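Let me begin by presenting the structure, written as structure tokens, before commenting on it.
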Amino acid sequence: MNLKERTESAVLRCLRSLNARMELSESEKFYLSNLEAGFEGEVAFDKLSAKLKEERYILNDMLLEANRSDFQIDSIIISEGIIDAIDVKYFKGDYVWKDGEIYTRQNGYKCKNPFEQLKRSNYLFNQYLRENKLNFLVRSTLVFNHPEFTLYNAPEDDSIILPTQVNRFMAEMDSRPSKLHDGHKKLANILLTSNKDGSNYSKLPAYTYEGIKKGIFCEKCLCKMNTLNKYFLICGNCGGQERIENAIVRSANEFKLLFPQRILTTQSIMDWCQVNFSSRTYLRALQRHFKAVGKTKNTYYV
Ligand SMILES: [Zn+2]
């Protein structure tokens with residue numbers, strides 16, 4: 001049973017939107033592509049864990065604290081006899097394992113050590129359970145699940161699952177019978193209540209309303225969209241089409257995400273979208289998808 005779904009982080013959504021609306025630096029673009037790949041890998045893993053049979057609690061994307069340190073676990077799978085703490089790495093391409101570190105094969109770039117991260121989160125998770133007087137056995141595993149990942153000189157270590165081993169790893173977990181009782185429920189509840197909001201807005205580039213591009217941008221290729229007919233917008237680049245109402249709502253959500261302190265009104269969203277629809281069209285979209293506060297001229301939406 002999935003108790004906590006994974007959603008795209010606010011930082012990822014902000015960066016994606018800013019990528020269409022301003023020039024990101026190379027390192028910001030790199031950060032964005034890492035976030036995208038990380039999310040894609042986690043979703044791929046979720047598809048497998050969703051198929052697990054028997055009684056299990058699954059909590060995705062957890063940020064916890066122990067010993068005054070934060071630690072993150074991509075997936076916690078609670079089964080009868082064990083808690084699986086899974087860290088998913090969606091590395092693509094050829095890598096080399098040397099002296100306990102991972103390097104890219106192409107240019108020898110040293111990666112942030114995922115094994116150290118795993119050891120650290122395993123230590124802190126056990127500490128967390130002790131602090132909360134919870135007595136459970138934890139197994140921490142690092143799962144590399146990109147089908148095009150190769151690790152040369154990979155260590156023989158059961159806590160590391162390579163792409164060719166992922167299915168077997170899941171099948172082995174699936175083969176263990178599991179009946180959950182109140183103790184597991186209590187554990188899951190404590191985990192859910194202590195989960196922290198991990199949004200790290202400090203990693204976003206500085207931006208202002210005046211400084212970024214206005215308009216409705218294509219979801220797929222980030223180019224500007226124009227009106228096609230009464231009902232649809234079309235992307236000038238990829239030809240993708242989107243219903244006008246949908247595009248207005250999507251843009252209004254971007255506006256709220258990037259500028260939470262600004263109020264959403266028909267006027268502000270007209271200025272934000274910069275597409276020549278009638279104010280009635282904007283008004284209707286807002287009325288249908290947001291909650292109106294106040295009446296007459298001063299109405300705004302939340
Ligand atoms: Zn497009």
| query | Can you spot a residue in segment 100-121 that is among the aliphatic types (A, V, I, L, M) and closer than 24 Å to residue 199 by Cβ? | reply | yes
| Within segment 228-256, tally of residues that are away from the ligand (no atom under 16 Å from the Cβ), open to solvent by 40 Å² or more (accessible area, probe 1.4 Å) and not hydroxyl-bearing (Ser, Thr, Tyr) | 5
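Residue by residue, here is whether (1) outside any helix (DSSP H, G or I); (2) open to solvent by 10 Å² or more (accessible area, probe 1.4 Å) holds:
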site: 59; (1), (2): yes, no
site: 76; (1), (2): yes, no
site: 81; (1), (2): yes, yes
site: 91; (1), (2): yes, yes
site: 112; (1), (2): yes, yes
site: 116; (1), (2): no, yes
site: 119; (1), (2): no, yes
site: 122; (1), (2): no, yes
site: 128; (1), (2): no, no
| Does residue 222 count as open to solvent by less than 100 Å² (accessible area, probe 1.4 Å) and assigned by TED's automatic domain parsing to the domain that holds residue 72? | no
| Within the bounds of segment 181-196, is there any residue that is more than 16 Å from the ligand (Cβ to nearest atom), surrounded by 15 or more Cβ atoms within 10 Å (Cβ to Cβ) and not in a helix (DSSP H, G or I)? | yes
| query | Taking interchain pairs and intrachain pairs at least six residues apart, which have beta carbon atoms under 6 angstrom, with the first residue in segment 192-205 and in contact (Cβ under 8 Å) with a residue 40 or more places away in the chain and the second open to solvent by 40 Å² or more (accessible area, probe 1.4 Å)? | reply | 205/28
| Flag if residue 214 is over 29 Å from residue 25 (Cα atoms) and either within 16 Å of the ligand (Cβ to nearest atom) or not in a helix (DSSP H, G or I) (or both) | no
| message | Quick check on segment 197-211: of everything there that is aromatic (Phe, Trp, Tyr) and in a loop (DSSP other than H, G, I, E, B), which residue is farthest from the ligand (Cβ to nearest atom)? | response | 209
| task | Give the residues of segment 197-214 that are at pLDDT 95 or above, surrounded by 12 or more Cβ atoms within 10 Å (Cβ to Cβ) and out of contact with any helix residue (DSSP H, G or I) (no Cβ under 7 Å at 6 or more places or on another chain), sorted by residue number. | result | 209
| Flag for residue 167 being in the same structural domain as residue 88 (by TED's automatic domain parsing), on the phi > 0 side of the Ramachandran plot and open to solvent by 100 Å² or more (accessible area, probe 1.4 Å) | no
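The values are calculated or read from the model by the stated rules, or taken from the named source; none is laboratory data. What you see is a predicted model; the values in this text were computed from it and never measured. Counting neighbours? That spans all protein chains shown, and the Cβs are built from the backbone with ideal geometry, glycine included. To get the accessible areas, we keep the full protein, side chains included, count just its heavy atoms, and leave off ligands, DNA and RNA. Shrake-Rupley method; radii C 1.70, N 1.55, O 1.52, S 1.80 Å.
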